[in-house]
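**Student:** Just passing along the structure, written as structure tokens.
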Amino acid sequence: MISVLIADDEQPAIDELAFLLRQDPRIGVIHQASSGAEAIRLLTRETVDAAFLDIHMPGLSGFDLARALGRFEHRPALVFVTADEEGALEAFDLDAVDYLLKPVRAERLQRSIGRVVDALRPQAADASPPSEMIAVPLGGTTRMIRRDEVRYVQAQGDYARLHTADAGYLVRVPMADLEKQWADAGFVRVHRSYLVALAHVSRIRLGSDHPAVVVGGVELPVSRRMLPGLRDRLAQSSVRARP
């Protein structure tokens, strides 16, 4: 059973979310706070597994509260629940498990609770940590995708397009930033326009006049300047070219 905190300055919003949460058998005790300061006071007395935070609250905002919770010995999984679509990228920076837009739909909340459960599940000593969640805008809404779903990234000016098996998502993050941030997650720059996930590489051709890698059935060029770095990363990984 998951204990949760709902922090929102509007009581009807708290009541509605609490009602929806109670419909899920995985949810146990539900604490409520009408401000960030009240949430801090409550969490000095109680330990919760997940915090559902509104962003725009008087005094401490939801983002301020999330930063404060980072200093707690037991940091709850964070889910932002808001009508503000513009805060998704900052939520991503704060390691949020999910980002829900009001009005919250029951089926969407169930998926969010599932992500909380996954985040709280103890990891075996040899298991990989949970994949980072990425907030991406999609037709006036915000969707959270797992980083390990991203096969390759394509530079588009000051933006980057994240390609998964199903779609491409445009995010306002420079390619150079993603290259640095995602290096430890198995992503390597192969061209000024492409960053690839080595785990999704199915074929490699480096010895020809036109070196390339194949990711999800898409052939991507490898620039001569990037070849040495790619060879080094391949030598360190379990990825091998297919005959």
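**Student:** Consider segment 84-114. How many of its residues are crowded, with 23+ Cβ neighbours inside 10 Å and part of a strand (DSSP E or B)?
**Tutor:** Adding up the residues that qualify gives 2.
**Student:** To continue, here is another question. Among the residues of segment 49-65, is there at least one that is open to solvent by 70 Å² or more (accessible area, probe 1.4 Å) and assigned to a helix (DSSP H, G or I)?
**Tutor:** There is no residue in segment 49-65 that is open to solvent by 70 Å² or more (accessible area, probe 1.4 Å) and assigned to a helix (DSSP H, G or I).
**Student:** Next question, about the same structure. Kindly list, by first and then second residue, each pair from a residue in segment 183-211 that is surrounded by fewer than 14 Cβ atoms within 10 Å (Cβ to Cβ) to a residue that is basic (Lys, Arg), limited to pairs with Cβ atoms under 6 Å and residues at least 6 apart or on different chains.
**Tutor:** 203/242
**Student:** Oh, and also: From 173, 153, which residue is closer than 17 Å to residue 132 by Cα and assigned to a loop (DSSP other than H, G, I, E, B)?
**Tutor:** So the residue among 173, 153 that is closer than 17 Å to residue 132 by Cα and assigned to a loop (DSSP other than H, G, I, E, B) is 173.
**Student:** Still on this structure: How many residues, within segment 213-239, are at pLDDT 85 or above and charged (D, E, K, R)?
**Tutor:** 3
**Student:** Right, another one. Given the structure, is residue 81 part of a strand (DSSP E or B) and within 16 Å of residue 105 (Cα to Cα)?
**Tutor:** Details: part of a strand (DSSP E or B): yes; within 16 Å of residue 105 (Cα to Cα): yes.
Considered against the rule, which asks whether it is part of a strand (DSSP E or B) and within 16 Å of residue 105 (Cα to Cα), residue 81 comes out as yes.
**Student:** Is one or more of the residues making up segment 30-37 buried (at least 16 other Cβ atoms within 10 Å of the Cβ), over 22 Å from the mean Cα position of the chain (by Cα), farther than 20 Å from residue 106 by Cα and of a type in the set (Val, Ile, Thr)?
**Tutor:** no
**Student:** Which one of 46, 16 is out of contact with any Leu (no Cβ under 7 Å at 6 or more places or on another chain) and in a helix (DSSP H, G or I)?
**Tutor:** Step by step, each of 46, 16 is checked, and only 16 is out of contact with any Leu (no Cβ under 7 Å at 6 or more places or on another chain) and in a helix (DSSP H, G or I).
The values are calculated or read from the model by the stated rules, or taken from the named source; none is laboratory data. Here the structure is a predicted model, which is why all the values come from computation and not from measurement. No Cβ is skipped: glycine too gets one built from the backbone with ideal geometry, and neighbour counts run over all protein chains shown. Keep in mind that these areas ignore ligands, DNA and RNA; they rest on the heavy atoms of the full protein, side chains included. Shrake-Rupley method; radii C 1.70, N 1.55, O 1.52, S 1.80 Å.
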